[in-house]
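Right, one structure below, let's go through it.
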Amino acid sequence: PGPAVSGLRALLPARAFLCSLKGRLLLAESGLSFITFICYVASSASAFLTAPLLEFLLALFFLFADAMQLNDKWQGLCWPMMDFLRCVTAALIYFAISITAVAKYSDGASKAAGVFGFFATIVFAIDFYLIFNDVAKFLKQGDSADETTAHKTEEENSDSDSD
């Protein structure tokens, strides 16, 4: 192994993870959530600032959890399902508050927050689509393995001496 990283650099995600698709998606989610949060703070639609703040914090948590490989360390949690639900709810909430911010409020900061919210909706939707495809592939592999073992068990249990 390489030399141990000390200090605050140990908290930073590895460059290889940040260059991966999941790392880039999580960076985009956290960046867009933070920008949307700042826009809502400066706007008259400040009632909506809680959702981007929570999504920013959750995206940062999943960024560091994936980078530190906590999903391997904490096996009791269903990480793909938690990430999938986070992305689905974020996409739906961002879509709803972005439509409201653009349609109901007339100041520039609200409009900017709505536009960044629409971009965040797209990024979260891409992320949950990719997670869904990964989970579906995993389940299909498990189903085909179960079918072959069930078929073998059925053949073993059948009466082969019957004429």
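Filter Lys22/Lys140; Lys73/Lys111; Lys73/Lys137 down to the pairs with a C-alpha to C-alpha distance above 32 Å, please.
Over 32 Å apart, Cα to Cα: Lys73/Lys111.
Might you work out the accessible area of Cys87 for me, using a 1.4 Å probe with all protein chains in place, and round it to the nearest 10 Å²?
Surface open to solvent at Cys87 totals about 0 Å².
May I ask you to evaluate 6.51 cos²θ - 1.76 cosθ + 1.60, the Karplus curve with θ = phi - 60°, for each residue of region 118-124 and list the ³J(HN,Hα) values in order in whole Hz, giving x for glycine and proline?
These are the phi-based 3J(HN,Hα) values: 5, 4, 5, 4, 5, 5, 5 Hz.
With the crude spin-label approximation of a point 7 Å out along Cα→Cβ, what separation in nm comes out for Ile99 versus Lys140?
3.2 nm
Label points 7 Å out from Cα along the Cβ direction at Val115 and Arg24: separation in nm?
Those two pseudo-labels are separated by 2.3 nm.
How much accessible area per residue does region 13-74 have, counting only protein heavy atoms and a probe of 1.4 Å, in square angstrom? Numbers along the way, then the final one.
Working: 3220 Å² over 62 residues.
About 52 Å² of surface per residue is accessible.
Counting other Cβ atoms within 10 Å, which chymotrypsin sites (Phe, Trp or Tyr not before Pro) in region 19-106 have at most 14 and lie in a DSSP loop?
Qualifying residues, ordered by number: Trp74.
The values are calculated or read from the model by the stated rules, or taken from the named source; none is laboratory data. Owing to the predicted nature of the structure, the values given are computational and were not obtained by experimental measurement. Here Cβ is always computed from backbone atoms with ideal geometry, including for glycine, and neighbour counts include all displayed protein chains. Accessible surface areas use protein heavy atoms only, side chains included; no ligands, DNA or RNA. Shrake-Rupley method; radii C 1.70, N 1.55, O 1.52, S 1.80 Å.
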